[in-house]
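Here the structure comes first, spelled out in structure tokens, and everything after it is commentary.
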Amino acid sequence: MGRIPGGQARLFYSFNLEEHVPPQHLLRSIDQCLDQGRRLRRRRQHHQGGCQPVDLTPERLIGDTGCGTAPMLAWLVEEKAIEPHVPVWDKTERKDDSFSSHDFHWSQAANECRCPTGKPLRSEWRAFTRQRSRVTKANTIIYRSSQADCATCPLKAKCCPNTPNRKIVRSIHEAARDVARRIAKTPEYLRSRCECKKVEMLFAHLKRIMKLDRLRLRGLTGATDEFTLAATVQNLRRMAKLMSHGPPITG
């Protein structure tokens, strides 16, 4: 006999829970829970007109630095009103002893930055007949100091030793970035980081120990079922470790 073309795929799609799994097996209970969860989700979408349920809207988002980009923070703060408990993606920090961008004071009313000596950094130093936005392709605005102010500044060696004047790049979403920076100084942020480490450890266990480095089922429903089964197995393993000790020996 030769090999059946597509035998593995046929075997995979011919699997039936009702035929191949015993009635008292744990997978039957898990499948019933998944079906109830789908029905509850459809019912909520029906009553909410297909929109996201209000009670599932988060108040905060815990993530890594990948979630701390300027567009992502603007979407969280300005559009969704969600507190970003994430580190800010910031590449303006200098490695040497020179001043970084956070050493400059921002004035919203004057639309300019102020250096440590009080000199202004502006996006334009003269008036134009046609108004210009000054927004670059990276959604940033560049603020430059006056070359005459930097030439006589006593702190030029610590600010811009290799250039005639100082330049500060400021994102158009800097207000949302400032919100994330203020949250990072609160005790709630430290508690969120501890909770994030617990969740990241579970994901690392799923990927390295349980070999869930890729999903094998197709579609969003298959991915949801596979991930739910893997999380159930992980919880059963943890429960077995906690309940492995028998009753205390007396006498």
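The values are calculated or read from the model by the stated rules, or taken from the named source; none is laboratory data. Keep in mind the model is a prediction, meaning the values are calculated, not measured. Using ideal geometry, Cβ is built from the backbone for each residue, glycine included, and neighbour counts are taken over all protein chains shown.
Does PHE128 fit the bill of being more than 21 Å from the chain's Cα centre (by Cα) and of a type in the set (Phe, Trp, Tyr)?
Judged against the criteria, PHE128 is a match.
Does LYS198 satisfy the condition of being over 30 Å from HIS102 (Cα atoms), surrounded by fewer than 12 Cβ atoms within 10 Å (Cβ to Cβ) and of a type in the set (Lys, Arg)?
So LYS198 fits the description; yes.
Kindly indicate whether VAL77 is aliphatic (A, V, I, L, M), at pLDDT 85 or above, surrounded by 13 or more Cβ atoms within 10 Å (Cβ to Cβ) and in contact with a Gly (Cβ under 7 Å, 6 or more places away or on another chain).
no
Suppose the filter is acidic (Asp, Glu), surrounded by 15 or more Cβ atoms within 10 Å (Cβ to Cβ) and part of a loop (DSSP other than H, G, I, E, B); does ASP90 pass it?
Answer is yes for this residue.
Of the residues that sit in the range 212-238 and are out of contact with any Asp or Glu (no Cβ under 9 Å at 6 or more places or on another chain) and part of a loop (DSSP other than H, G, I, E, B), which one is surrounded by the fewest Cβ atoms within 10 Å (Cβ to Cβ)?
Among those that are out of contact with any Asp or Glu (no Cβ under 9 Å at 6 or more places or on another chain) and part of a loop (DSSP other than H, G, I, E, B), it is ARG214.
Residue by residue through the range 118-146, note down the ones that are over 26 Å from PRO71 (Cβ atoms), touching a residue at least 12 places away in the same chain (Cβ under 8 Å) and loosely packed, with under 13 Cβ neighbours inside 10 Å.
Within the range 118-146, TRP125 is the sole residue that qualifies.
Step by step: first the residues of the range 186-222, then only those that are acidic (Asp, Glu) and within 28 Å of ARG60 (Cβ to Cβ), then the one that is modelled with the highest pLDDT. Which residue is that?
GLU188
Examine the range 198-211 for a residue that is part of a helix (DSSP H, G or I), free of Cβ contacts under 8 Å to residues at least 12 places away in the same chain, more than 30 Å from GLU226 (Cα to Cα) and basic (Lys, Arg), and state whether such a residue exists.
no
Which condition number in (1) in contact with a Lys or Arg (Cβ under 6 Å, 6 or more places away or on another chain); (2) at pLDDT 85 or above; (3) not small (Gly, Ala, Ser) is the one that PRO53 fails?
It is condition (2) that PRO53 fails.
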